[in-house]
Each structure stands twice: as C-alpha cells, then as structure tokens.
Amino acid sequence: MRVAVFGAGYVGLVTGACFADIGHDVVVRDVVAEKIDALRRGKVPIHEEGLDDLLEHNRERLRFTTDVDESVEGAEVVYVAVGTPPTYSGDADLSAVWTVVDELPRVDRRIVVAMKSTVPVGTGRTIRHRLDERGLENVGYVSNPEFTAEGTAVRDFKHPDRIVIGAFDPADAEVVERVHAGIDAPVIHCDVASAEMIKLAANAFLMTRISFINEIANVCEATGADVVKVAEGVGLDHRLGPHFLRAGIGYGGSCFPKDSLALKQLASNSGYHFQLLAAVIEVNELQKRRVIGKLERRLGSLRGKKVALLGLAFKPGTDDMRESPSLVLAGRLLAEGADVSAWDPVADGRVHLDGVHIADSALDALDGADAAVLVTEWPELGELDWAEAGARMRKRLLVDGRNMLDPSEMRALGFDYEGIGRAVE
Ligand code: UDX
C-alpha cells in the first residue's frame, strides 16, 4: 500500500519506518526542511533503539519530503503524527493538526486520514465537519492511536498489545486494518470518540499507578517499609500485575505530563472535575521536588554545595528531556544556590540546562561533589565503578532516584545511600 505520514518526530518516524518494514511504500512529510534534508542523507534526528537500522534497511520504500502533494499522491492512507503540545490553558494545541487538515489536497479517489497524534476526545468529529465543509467527502477519517513508549517504540509498534481503530465508516477502518497486515495483535474496532478516549485513559491509568506507588513509597519512608518489596508483593496479584509500579522521582516525557493535563482540561471544559487525575498530577510534581528535601536533611543549606545529576533524559534509552524530572531538579538546585554538574550518555544537557556544568563522563560529573542524584536509570550507571566514584566525591551522599542500585553494596562502599521509599540507615 502507499502510506503518507505527516510529521517526522518520534511517532511519525517510527510509524513510517515500521510501515515500510511491513512492505508498504511510505512518504514521510515534515515542514522542517533541515530535518527532511538530514533524513534524506540518512541522518536520523532522534535517538531511538532500532530506528536507524530500520530506516537504512527500508531505504527503497521510504521517501522524505516537505511537499504535501508529493506525499499524498497515490496514498491510500495519510497518517497524522504531528505534535500536540499543551497550551497555557492546559488544552492540547491542535494547530499543527488543523494545518494538515487544511492543507490536504483534493483527490479524485478515496483516501483515509488516520490520526496517530494524541488529541482530545471530540477532535475527530470536528475534523470530520471541517473535511465536509471543504467538500472532501471522499476523505475518510480514522482514529488509530499509538501506544509506543520511547526507547522501545519500534518493538512496541511491531508487537503491540492491541490495535485500536475508531472510524465513522467501516470501510475506512478496514483500510487501516489492512495497513497493519502482518502485525499480530487483537484489533479493537469502535467509534472515533472511544478510540480517542482509549489512548487518554490508558495513559492516565499508567500515570495513576506511578503516582500511587510513589505515594506508597513516601509512606514506606515514614513507616520503615521497603517499597521495592511492597511493589513486588502487590504486583504478583494477577488482578494488579507488576507493571508501572516502580517508585521513583516522578514521571516525565513527551506524553504523560501533556496528556494528563489535556484529559483533566477536557473534563473540566465539559464541567467535570476529574479529582483523581488532578491528584495524580500533583503527586508527581511533589515527587520531583522531594529529592531537594532529602539533600537538605543531610547537607543543610545547599548554597555552595556541589550536586551531580546522573542522567538527564526522562528515562533510559532516549535522548528526550521533555518534562524530565532532571529539569525541575536542576532548576530547584540552582535556585537554592547549589553548584550543579550533570551527565547523560545521550541527552544533550547544553540545550536545556543553563547554568549547569555538563560533564563528559559520570565520574567527571562527580568530581568534588557533595552529593549525587541518580536521575535516570541508565545501564551505564549500574555498571559504574562506584568505588572510584566515591573516591572522586567530597562527600559520599547518594540519592538513588530510581532505586537502581543495591543499598547494602553502596553502603559497603562507604556511601550514605538513600533511595525512594526504602528504609534509611
Ligand atoms: C508513555 C506510554 O508508556 C506509551 O504507551 C504512550 O504511547 C506514550 O507515553 P513514554 O513516555 O515513552 O511512553 O515512557 P514510559 O516508559 O511509559 O515512561 C514514562 C515515565 O514514567 C518515565 O519518566 C518513567 O521513568 C516513569 N515511570 C514508568 C515510573 O516512574 N515508574 C514506572 O513504573 C514506569
């Protein structure tokens, strides 16, 4: 099949590359000419496991363009994978989506627009009206949300838990199902609004689990229990399952923070106060800041103290720092007058962290530090020579924001170790 993909970001590139890998002929279109030029030269603008290989491997079936007509020409399906960032009001900014809808050329055959970008419930209906107003009745519309996580996006796309297809017309749903031929997963057919809600609800539920276990962790700290054991014991209940029960310093990324705000806002716009989601968001904001209290309890005032942040990306396996807890931590530490150094194996801190010294290695970041905070659970940090790390530091205080390291091993190395929700010695 011929597939057009609008948007060459994390979602668009993975979608395009995976569909090309299935055997479809794919054209990826983006408005940023430099990005398209780079992709044509074989340069991938993001760090995503397996994506470079997939793009390289499927070169013959993949084209990149800035031209709308070129991308839509001959296409049966036009995927929309553009950004939908939050506005000041917390609503999703759909301007990039509207630009795509308004730019769609007139075609003399049936094509289907498939929405991959996360949009508020009701967007599909409004887009349908707009297409009809433009006289584009032969353009079908389908909501086909993505559930890929960064770092494992290629694997998630190829082996999804389910494929959700919400359509106004069953014939359009059938076209989108055909695009996924060869992907073995249950297909949920539903109306457009339900498909839109499935995406938002799934994300909100995952965030709820994280904020829940983070609050349990905080109570564990106050009562002497160990959240890692608690999560293990809770997760073995088959009704609950083990996933998204890792306590830490809060969730970040391009989806959770934005989508939770958008869903909360969507509810309030309809006159409903989504109390649980509001609490989930607030717990997460507080969780990012709790590390500051932990440092102050051990070091007193942070003014003039050197704190090393190990990991900057919002999670391992990605260079993405959007809404990363590292941004809040760095900001708070600088505001308290601390001297902040940081290291990440792939995320470029220079772009986002004014006033923070970006080191070339974890050990360099730790030179002369009064405290280290493990922010992202990069495997490199598990394998770090912690004896050498301790020797480089002025004080061996270590806050493990992801409960990645073994507390007794770290204590044996002379570290004053504190995790999240674990007994403090
Ligand atoms: C998420 C959803 O998983 C994906 O389905 C959706 O399409 C996009 O949003 P992503 O943001 O890439 O994907 O990463 P994810 O692995 O879900 O992690 C999100 C954040 O939650 C990270 O900051 C991670 O560190 C945090 N997290 C995750 C926890 O703190 N504890 C956990 O148990 C799991």
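Compute the orientation-averaged projected area for the chain from the convex hull of its Cα atoms and round it to one decimal in nm².
Taking a quarter of the hull surface, the average projection is 21.3 nm².
Counting pairs of alpha carbon atoms under 8 Å apart in space and at least six apart in sequence, what relative contact order in percent does region 324-425 give?
Relative contact order for region 324-425 comes out at 20 percent.
Excluding D37 itself, calculate the net charge of residues whose Cβ lies under 14 Å from the Cβ of D37, where each Lys or Arg counts +1 and each Asp or Glu counts -1.
Result for the local shell: +3.
Round to the nearest 10 and report in Å² the accessible area of S254, as given by a 1.4 Å probe over the protein chains' heavy atoms.
Surface open to solvent at S254 totals about 20 Å².
Once the whole set of protein chains is in place, how much accessible area is left on K264, using a 1.4 Å probe, in Å² to the nearest 10?
Number for this one is 60 Å².
Sort W343, W98 by heavy-atom solvent-accessible area, probe 1.4 angstrom, most to least.
Solvent-accessible surface, decreasing: W98, W343.
For the chain, which whole-number percentage of the solvent-accessible area (1.4 Å probe, protein heavy atoms only) is attributable to carbon and sulfur atoms?
Its accessible area is 53 percent carbon and sulfur atoms.
How much accessible area per residue does the chain have, in Å², with a 1.4 Å probe?
Per residue, the chain has an accessible area of 44 Å².
For the chain, what does -39500 (n - 2.57) per DSSP helix run (n ≥ 4), summed and divided by total residues, give at 222 nm, in deg cm²/dmol to the nearest 500?
Mean residue ellipticity at 222 nm (helix-derived): -13000 deg cm²/dmol.
Take every DSSP beta bridge whose two residues both sit in the chain, then give the antiparallel share in percent to the nearest 5.
Once the DSSP bridges in the chain are tallied, antiparallel ones form about 10 percent.
Taking the 0 to 90 degree range and rounding to the nearest ten, how far is the long axis of helix 170-179 tilted relative to the main principal axis of the chain, both from C-alpha atoms?
So the helix axis and the longest Cα principal axis differ by about 60 degrees.
Of L277, L261, L299, which has the largest mean-square fluctuation in a 10 Å C-alpha GNM of the chain?
L299
Which listed residue (Y417, H57, G90) has the Cα farthest towards the positive end of the charge dipole for the chain, taking +1 on Lys and Arg C-beta and -1 on Asp and Glu C-beta about the Cα centre?
Positive-end residue among those listed: Y417.
In terms of solvent-accessible area of protein heavy atoms at a 1.4 angstrom probe, what is the ranking of H47, H238, highest value first?
Largest accessible area first, the list is H238, H47.
Rounding to the nearest 20 debye, state how big the charge dipole of region 284-351 is about its Cα centre with +1 on each Lys and Arg Cβ and -1 on each Asp and Glu Cβ.
In total the dipole reaches around 420 debye.
When the solvent-accessible surface of protein heavy atoms is calculated with a 1.4 angstrom probe, in what order do H243, H357, H24 fall, highest first?
The residues order as H243, H357, H24, largest area first.
Considering only Cα-Cα distances, which of the following residue pairs are longer than 30 Å: K158/K294; K199/K315; K116/K229; K258/K395; K264/K288?
From K158/K294; K199/K315; K116/K229; K258/K395; K264/K288, over 30 Å: K158/K294; K116/K229; K258/K395.
The values are calculated or read from the model by the stated rules, or taken from the named source; none is laboratory data. All figures in this text were calculated on a predicted structure; none of them were measured in a lab. Because the Cβ atoms are built from the backbone with ideal geometry, glycine has one as well, and the counts that use them run over all protein chains shown. To get the accessible areas, we keep the full protein, side chains included, count just its heavy atoms, and leave off ligands, DNA and RNA. Shrake-Rupley method; radii C 1.70, N 1.55, O 1.52, S 1.80 Å.
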